[in-house]
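So the structure is just underneath, and the comments pick up after that.
The values are calculated or read from the model by the stated rules, or taken from the named source; none is laboratory data. Please read all numbers here as calculations on a predicted model, not as lab measurements. Counting neighbours? That spans all protein chains shown, and the Cβs are built from the backbone with ideal geometry, glycine included. Ligands, DNA and RNA are stripped out before the accessible areas are found, and what is left, the full protein with its side chains, is counted by its heavy atoms. Shrake-Rupley method; radii C 1.70, N 1.55, O 1.52, S 1.80 Å.
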Amino acid sequence: MPPAVTVSWFAETKKRREKFAVLSLYESWSAKIAEAAGVRVLLVGDSLATSILGLETTLSVTIDDVLYHTRAVCRSARQSFVIADMPFLTHNVSETDAVKNAGRFLAAGASAVKVEGGAEIADIVAGMVRRGIPVLGHIGMTPQHFFRLGGYRVQGRGNRERKRLMADAKALEQAGAFGIVLELTAEESAEAVTKHVGIPTIGIGAGRRVDAQVLVFHDLVGLNREFSPKFLKRYARLGDEAVRAVRGFSTDVSTGKFPGKDNVFHDA
Ligand code: KIV
């Protein structure tokens, strides 16, 4: 059994230059699969909006949605460090709100929360950390800023953008964040940010030179057959397999092959 993940494990892992994998997932079975595969850092992402709720963006996910899925993951992933994603406007309106809302995730079993935003929320992050809430930052393409950013666009292109990302990352580190997600970011900028901070950067679409990588479970196992962005590597095609299985069931029912003699109960 690998050592238990704690907040200090993140910076120590970076010092040892050990890369690690993180999975974004939402329920019990995928959490059990992640643990069986040795992944110990799990994120209950607000991407559940687009991955499993059929929504267009993450903006309408509520605290109750993420809490419900956090409880499901925590019940099954007892060896893991579970991070709950704080939904749109639940962490950046006021420090009081942020602390109260984050407390609900910790009470539900999460070990930490993730918040989208950089230097502009550093004071709030510092307040959360001071009160005992471990915080993972998230910069680059931040889906909760979908409308302000003009869609899911690659961030950190060019010197000015790079410097801004580096300043955001430093501000989060100084506020006490234990790590930073870098999403959809030019590889050169992601590398510069990674060298600039002493806490791990966890990339998704941020290239090869970050400290860790995160993917959404449904995407990497190919459940979502419609989603194939450039940054994604699919390690299986479970969506195709599931369609084959359901087609087989349907055909067997219509041709009378299911249930078979092994699937029925008798008087005695
Ligand atoms: O919501 C999510 O799953 C995320 C990860 C992709 C980092 O924010």
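Find the helices (runs of 4 or more DSSP H) located wholly in region 131-221 whose residues include 1 or more that are more than 28 Å from S60 (Cα to Cα), and list them.
159-175, 187-196
So for region 3-16 (the condition being assigned to a helix (DSSP H, G or I), in contact (Cβ under 8 Å) with a residue 40 or more places away in the chain and either within 16 Å of the ligand (Cβ to nearest atom) or under 19 Å from L232 (Cα atoms) (or both)), does at least one residue qualify?
yes
Report whether or not D65 is open to solvent by less than 10 Å² (accessible area, probe 1.4 Å), of a type in the set (D, E) and within 13 Å of the ligand (Cβ to nearest atom).
Here the answer is no, as D65 does not meet what is asked.
May I ask you to say which residue of A212, A186 is modelled with pLDDT of 95 or more, in contact with a Pro (Cβ under 6 Å, 6 or more places away or on another chain) and open to solvent by less than 30 Å² (accessible area, probe 1.4 Å)?
Every option except A212 fails the conditions.
Of the residues that make up region 134-147, is at least one within 24 Å of G205 (Cβ to Cβ), polar (S, T, N, Q) and open to solvent by less than 20 Å² (accessible area, probe 1.4 Å)?
Yes: one or more hits.
What single numbered condition from (1) out of contact with any helix residue (DSSP H, G or I) (no Cβ under 9 Å at 6 or more places or on another chain); (2) assigned to a loop (DSSP other than H, G, I, E, B); (3) outside the structural domain of T50 (by TED's automatic domain parsing) fails to hold for D252?
Only one criterion in (1) out of contact with any helix residue (DSSP H, G or I) (no Cβ under 9 Å at 6 or more places or on another chain); (2) assigned to a loop (DSSP other than H, G, I, E, B); (3) outside the structural domain of T50 (by TED's automatic domain parsing) is unmet by D252, namely (2).
So which residues in region 40-62 are within 13 Å of the chain's Cα centre (by Cα) and either of a type in the set (D, E) or within 14 Å of the ligand (Cβ to nearest atom) (or both), if there are any at all?
Result: V41, L42, L43, V44, G45, D46, S47, L48, A49, T50, S51, T58.
Every residue in region 193-248 that is more than 16 Å from the ligand (Cβ to nearest atom), touching a residue at least 12 places away in the same chain (Cβ under 8 Å) and within 19 Å of R153 (Cα to Cα), please.
R208
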